[in-house]
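Working notes, beginning with the structure itself.
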Amino acid sequence: MDAFSLIGHSPIFRQLLNTAQLVAATRATVLISGESGSGKENLARFLHTHSPLASRPFIAVNCANLPENLVESELFGHRRGAFSNAVVDRDGLVRAAHNGTLFLDEIGELPLTAQAKMLRFLENGEILPLGYDQPIKANVRVIAATNCDLEKMVKIGRFRADLFYRLQVVPMEVPPLRERAGDISLLIEHFVEMAAQQHSLSAVSFGPEAMKVLKAYTWPGNVRELKNLCERLTILCNFQRGSLGVENLPLNIRGGQRVATSSPAAAPLNLEQTERDLILQALEQTRGNRTRAAKLLGISRYTLLYRIKKYFGAEESGLVGEA
C-alpha cells in the first residue's frame, strides 16, 4: 500500500474512491471540499500519483500561509527589480509545477487580486509575473481544496463566482471520519504500522472494548486526529504487553469517564501508575522537554507540570529539561 492510498471500504468512501480512480486518469481541474483533517491533500496526491503526470512535480501550496503582500510573487513569480527586495528573478510556484500538478489548499484564503490572475491562468494557461510585459505559458493541472463554503463566500463577495465555477469542473467531497466509522479499524492498522516503522517500535493493538469506544467517538479532528492518536499511543504504550484497553485512551475520547475493570477476576488497574509511566515515556521520548512532552500526551504544559509535581515531587528537577 503506497503512502497516498485511499484507505476504506465504507459505502460512502468506496464511492469517493471510484470517482477518484476515474478522475485521476484525466487532467480535469478538481475542487475538493471537506472538513479540516479529513484527508483532502491525501486525495489530491492520490489523483496525482495515479495520473499520467505521476512522474512530474506535485507542488502543494497552502494559500492561508502565503504572505498577503507577496501572494502574486509567490504564485506567479517576478522579475528582479519588480518591487523593493526583488533582488533576483523568481519563477513562482505555478511555473515550478510546469507539466505537473499544482495543489491549492485552502483556496478560500486567496486574496481577490490573486483570484483574478488565477482565473486567467485557468482559462488560457497564461501567467504574467510581476515586472513582465508579456504573459508566459504554464502547462499545469490544478487541484484546489477548501474546508469553507465557497458558495457562501461568493454571495458575500469574498470569492469570485467565475473562479468558483472554473475550479468546480469536478467537485469531490471527502466525508468526515464520523460518517465512515466502519473504516476506523483499517485506518488504525495502517497508522499504527506507520508509527511503528517511523519510530522503530513494535506495533500496538487495541482490544475490542477500546475499539468499540474509538468507533463511537465523533472525531472532530477527523483522520488527522486518529493518525496522531495512533502515533502517540505507539510511543507511550510500547512498554505494555497485550492489547490496549479503554483505560489507555484519552479521557476526551472515552467521554471523560473513569474506567472500571469489567471482570472480578481481572487484576486491579493502577491508573496513577499508568499515568506515571506515560509521563516518563513522554519525557524520555522528548529528552525532558516539557512543552513537547505535554503536546505528545495531549495535555497542557501546566497540567503536565502539576502531574509531575504530584507523582514525583522532589524528583521533578531530575525529570525535566528547561523548556
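FYI, it's all coordinate maths here, none of it is from the lab. None of these values were measured; they are calculated from a predicted model. Ideal geometry is used to build each Cβ from the backbone, glycine not excepted, and the neighbour counts take in all protein chains shown.
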> Between Asn139 and residues 5 or more places away or on another chain, which pairs have amide H atoms under 5 Å apart, with H built 1.01 Å from N, and which residues are they?
Replying inline: Asn99
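From the mean inverse distance of alpha carbon pairs (Kirkwood) and the Cα radius of gyration, derive Rg over Rh for the range 11-175. Working shown, then result.
On the way: Rg = 15.8 Å, Rh = 16.3 Å.
A ratio of 0.97.
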> Can you run phi through the Karplus equation (6.51, -1.76, 1.60; θ = phi - 60°) for the range 171-183 and list ³J(HN,Hα) in whole Hz, with x for Gly and Pro?
Replying inline: x, 9, 10, 8, x, x, 4, 5, 8, 9, 4, x, 8
> Given C-alpha coordinates of the range 178-266, what is the ratio Rg to Rh with the Kirkwood estimate of Rh?
Replying inline: 0.96
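May I ask you to compute the full-extension gain from Thr113 to Glu275, defined as 0.36 nm times their residue separation minus their alpha-carbon distance, rounded to one decimal in nm?
53.1 nm
For the chain, calculate the relative contact order in percent as a whole number, restricting contacts to Cα pairs under 8 Å that are 6 or more residues apart.
Dividing the mean separation by the residue count of the chain yields 17 percent.
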> Quick one: Asp105, Asp133, Asp183, fewest Cβ neighbours within 10 Å first, how do they rank?
Replying inline: Asp133, Asp105, Asp183
> Near the amide H of Glu173, under 5 Å away, which other amide H atoms are found, from residues 5 or more places off or on another chain, if H is placed in the peptide plane?
Replying inline: Ser33
> In sequence order, what are the phi-derived ³J(HN,Hα) couplings for the range 59-72 according to the Karplus relation 6.51 cos²θ - 1.76 cosθ + 1.60 with θ = phi - 60°, rounded to whole Hz, with x for glycine and proline?
Replying inline: 10, 9, 10, 8, 4, 5, 9, 6, x, 4, 7, 10, 4, 5
>> If I model a spin label as a point 7 Å beyond the Cα along the Cα-Cβ vector, how far apart are those points for Lys152 and Lys309 in nm?
In response: 4.3 nm
>> With θ taken as phi - 60° and the coefficients 6.51, -1.76 and 1.60, list the Karplus ³J(HN,Hα) couplings across the range 94-102 in order, rounded to whole Hz; mark glycine and proline as x.
In response: 5, 5, 5, 8, 3, 6, x, 10, 10
>> I want the antiparallel fraction of DSSP beta bridges within the chain, as a percent rounded to 5.
In response: 15 percent
> Amide H of Phe206: which non-local residues (sequence gap of 5 or more, or other chain) have their own amide H closer than 5 Å, using H built in the peptide plane?
Replying inline: Leu244
